[in-house]
Amino acid sequence: MKRKTQTTRRSHFLLTGCILIVCFAKATFAEEGFSPLFDGTSLEGWTAAKSKGDKDWGAFSINKEEKAIHVYAGKKQGSEQEHDCLVSKKQFSHFILRMEYKWLDKRFEPRLNWDRDGGLLFHVHGDLKKVWPNCFEMQIGETPAHVRGNTKDYWKGRKPTHRFHSGDYFIVPPRAHLRSQIKRKGPFWDPNGELISTNGAVITPFGKEKPKGEWNEIEIRVLGHKKATFILNGEVVFETVNMEQKKDGKFVPIEKGHIGLQAESAELLYRNIRIKELDGNK
């Protein structure tokens, strides 16, 4: 009886060990090739448009408890705060970038009554001290997906010229020297829609955001000028192709740029920012 018990325990330990190994292997494989773009303790490798020295990062600071980039930490609710842009010193072309964001409570003038707003920028170029530099953007916002223009909920309790919905696409600045192609049905991006050219903003129909105070996982996959894919909490919400910039009066492919994070009158956290560079020939 004792031998059977020992054998059973050994089998249990072996099975448990195998399960742990498999789970660890899956987690490791999922993040294989990724490197931290933010180390959780400092802003080394980044620069802010509104910074005024090595220890002044404008609207951005480190939240040690959350190991996150904190936007407008310690600022008084309702006070007036400048918009700001945090930009990676390194440029990237073909990559997968993953990160998390979470909304906090405070909002600030000049957008005190607007929906909370932020953004993940890529192919950032031009004047990096400008707010906003030239780029493409995956919108980060808090507007529920069903709340759109020409609906009774659109202006309810708000005064913005735009609502802000995570996963929407912006070209910054709009109608300037950048453009790309997207598939659209009506006002929404749709993978089965008609392929058109755009130099402005495109909204998505999906409501995949988590409530304020919970972490959202976002991912962008960028293949130079060929394609960019936005993923929000595990679901593809947008794609664009053939990204171009105007040079000497002609549109040419834009292959690379910096990564950027926005500060736009709302308190939030960015963390777990990691990137995997891809083979540019794929």
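Values quoted throughout were computed directly from the atomic coordinates according to the rules given, and no laboratory measurement underlies them. What you see is a predicted model, and the numbers here were worked out from it, not measured in a lab. Cβ placement follows ideal geometry from the backbone for every residue including glycine, while neighbour counts extend to all protein chains displayed.
Before moving on, here are some points about what is shown:
- Extension gain, GLU32 to LEU112, is 24.7 nm, computed as 0.36 nm per intervening residue step minus the present C-alpha separation.
- The three principal axes of the Cα atoms in the range 35-277 give end-to-end lengths of 46, 44, 33 Å, sorted in falling order.
- Spatial separation of Cα centroids for the range 222-270 and the range 68-120, in angstrom: 17
- For the residue pairs LYS52/LYS129; LYS50/LYS75; LYS50/LYS89; LYS52/LYS130; LYS185/LYS212; LYS76/LYS130, the C-alpha atoms sit more than 22 angstrom apart in LYS185/LYS212; LYS76/LYS130.
- In this structure the amide hydrogen of ALA73, modeled in the peptide plane, comes within under 5 Å of the amide hydrogens of SER61, none closer than 5 places in sequence on its chain.
- Put a dot 7 Å past the Cα of LYS276, heading toward its Cβ, do the same for GLU217, and the two dots end up 1.2 nm apart.
- The local environment of LEU269, defined by Cβ-Cβ distances under 11 Å, has a net charge of -1 under the rule Lys, Arg +1 and Asp, Glu -1.
- Exposure proxy order (Cβ contacts within 10 Å, fewest to most) of THR41, THR47, THR204: THR41, THR47, THR204
- With both labels modelled 7 Å from their Cα along Cα-to-Cβ, the SER197 to VAL236 distance reads 2.5 nm.
- Net +/- balance of residues flanking PHE92 in space, Cβ distance below 9 Å, scoring K and R +1, D and E -1: +1
- Volume of the Cα convex hull of the range 157-264, divided per residue and given in Å³: 137
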